[in-house]
Amino acid sequence: MQRAPRADTPQTAVALSFSGGGLRAAAFAYGVLEGLREQPSAGSRHLLDEVTFITSVSGGSITAA
């Protein structure tokens, strides 16, 4: 049996995955977040507001935290 999606649940999940690599990975992840914050989305939101979850390892975890 297939359920209908809930009205308050977004249709699309946006996920970010940051790799490891120490300070360089942390800096790259930070740049990605800054870039998403500058890109407009629906209404007065930004693409960073659309992120559902973030996964990371090693250096990327510094920024993800």
Legend entry - Segment SER41-LEU23, extension gain: residue separation times 0.36 nm, minus the distance between their alpha carbons: 3.5 nm
Legend entry - Residues with amide H under 5 Å from that of PHE18, placed H, sequence gap 5 or more: THR55, SER56, VAL57
Inset, instruction - Compute the signed sum of charges (Lys and Arg +1, Asp and Glu -1) over the other residues within less than 14 Å, Cβ to Cβ, of LEU16. - result: -2
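Each reported figure results from applying straightforward, stated rules to the coordinates on display, with no laboratory input. Note that the structure is a prediction, hence the values are computed from the model and not measured. Ideal geometry is used to build each Cβ from the backbone, glycine not excepted, and the neighbour counts take in all protein chains shown.
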